[in-house]
Amino acid sequence: MKVRKSVYWVVMLMLLVVVLAAAGCGDTGDQGAKGVQGEDGAAGDTGAAGATGAAGATGATGATGAAGATGATGATGAMGPGPWGLSLLVGDGPAGVCYDTDGNVWVTRSAADEVTKLRASDGTALATYDVGDNPQGICCDGIAYIWVANTDDDSISRITIADGTVTTYDDTALTLDEPWGICFDGTNVWVTNYGEIGTADHVTEFTTAGVEVLTYDVGSSPGPRGIISDGTYIWVACEDSDEVARITQGTEAADIYDVGDEPHDVCSDGTYIWVTNYADDTVTKLQASDGAEVTGSPYTVGTQPDGIVSDGTYIWVANGGDNNVMKLRASDVARLALFQTVDAPTLLCHDFDLDNVWAVEAAGNRVTQFDQG
């Protein structure tokens, strides 16, 4: 029994020695080689989003897209002023104006009893001629002469274009009573007599030699003023009777047609006849063939329309109350332009060489040229 206990304690002692030896505090040995990496663990939860980064540079402009549909047309704007050419002071009382075949403009000056000749291209005053008392209407015969109606002394003055010689025909040579408007038909000269002759007012036809051909009855006290030839008929604006008269050469009694209130002037566009109605601010358009008024006529223009002229395509109206000249298209009466004047325009003429229109501004003692453009 004692032997067994002794062996037990010997064994225990040896184990103790071994344990103490193993637990000795010697230096740490070198680290062993890194073991093989184990398998990845499961992914963790997604972290919160980071702050937005700065904007990148702008990219290149893309190609232009196709054009969109055209929008609706806007309303037509107001007429703008037409272009001025020359505006010339010509002395007291300019009344009538005409153009000759040599590029000159001629102006009657009623207050001075004179006619002034101007070069159309630059407005240079070339000459002045003494005529009768209160000259009003004026025309060129396209051949050799300028013809002037002298209202207050019942005479006609003929100015020879080549040398300026003035020849006068009074009421002992021709039937005249306050002659006012005057025109040439390609052969003879025609003048309106604003005053009454006997029981009627008349138009007188005479040759370029001053020989009377015939007088024509245009009604009872009609107050004939403006007059033109359309190549077939003579047309007269009768202010007091609110009519126009159409004269056939050789037929003493004229055809009479109603128009507006106080017609002052008349012109032809080659197909139609146009009349200014001074007191109702309109123009009347008639068929030359039969005097019938066209559909839509009369047409409102400006205030107190006075003179009127056509170049065959356009109609020009002097609106004395509005201080302007209005340009209309003859085919549809469309208003194309307004030409502002300094003073009230009265009568007009067209110069066919420069394609301009000239207006008399009686109140301002001037004539003004407008470029059609």
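The values are calculated or read from the model by the stated rules, or taken from the named source; none is laboratory data. Model, not experiment: these values are computed from the prediction. Every residue, glycine as well, gets a Cβ built from its backbone with ideal geometry; the counts of neighbours run over all protein chains shown. Accessible surface areas use protein heavy atoms only, side chains included; no ligands, DNA or RNA. Shrake-Rupley method; radii C 1.70, N 1.55, O 1.52, S 1.80 Å.
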| note | Between Asp102 and Asp343, the FRET efficiency computed from the C-beta separation at R0 = 35 Å comes out, to the nearest 0.05, as 0.80
| Centre separation in Å (Cα based) which lies between region 102-171 and region 242-257 | 27
| query | With every protein chain present, what accessible area does Tyr145 have (1.4 Å probe, heavy atoms only), rounded to the nearest 10 Å²? | reply | 50
| task | In whole Å, largest first, what are the principal axis extents of the Cα atoms in region 266-373? | result | 39, 32, 20
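Within the accessible area of region 322-373, what % is carbon and sulfur when the probe is 1.4 Å and the other protein chains stay in place? Let's see the in-between values first.
Details: 880 of 1890 Å².
Carbon with sulfur: 47 percent of the solvent-accessible area.
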| What FRET efficiency, computed as 1/(1 + (r/R0)^6) with R0 = 41 Å and r the Cβ-Cβ distance, is obtained for Thr167 and Ser87, rounded to the nearest 0.05? | 0.80
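Per the Kirkwood definition applied to all pairs of different Cα atoms, how many angstroms is the hydrodynamic radius of region 108-172?
Working: mean 1/r = 0.0839 Å⁻¹.
For region 108-172, the Kirkwood estimate is 11.9 Å.
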| message | What distance in nm separates the two pseudo spin-label positions at Val294 and Thr187, each 7 Å out from Cα along the beta-carbon direction? | response | 2.9
| query | So how do Thr58, Thr167, Thr341 rank on accessible area, 1.4 Å probe, biggest first, that is with the largest at the start? | reply | Thr58, Thr167, Thr341
| query | Just how much of Arg158 is accessible, in Å², when a 1.4 Å probe is used and the result is rounded to the nearest 10? | reply | 40
| said: At 1.4 Å probe size, what's the solvent-accessible area of His350? Round to the nearest 10 Å². | reply: 10
| task | Keeping all protein chains in place, calculate the accessible area per residue for region 112-173 (probe 1.4 angstrom), answer in Å². | result | 39
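Based on the Cβ-Cβ distance from Ile143 to Thr248, what FRET efficiency comes out when R0 is 41 Å, to the nearest 0.05? Working shown, then result.
Details: r = 23 Å, r/R0 = 0.57.
For R0 = 41 Å, the calculated efficiency reads 0.95.
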| message | I want to check the label-to-label distance for Asp280 and Val36. Put each point 7 Å from Cα in the C-beta direction and report it in nm to one decimal. | response | 12.1
| field | Cα-projected label distance for Ala43 with Thr128, points at 7 Å along beta-carbon direction, nm | value | 11.0
| Can you work out ³J(HN,Hα) from phi for every residue in region 240-254, in order, using Karplus 6.51 cos²θ - 1.76 cosθ + 1.60 and θ = phi - 60°, giving whole Hz and x for Gly and Pro? | 6, 9, 6, 9, 10, 10, 10, 9, 9, 3, x, 9, 5, 8, 7
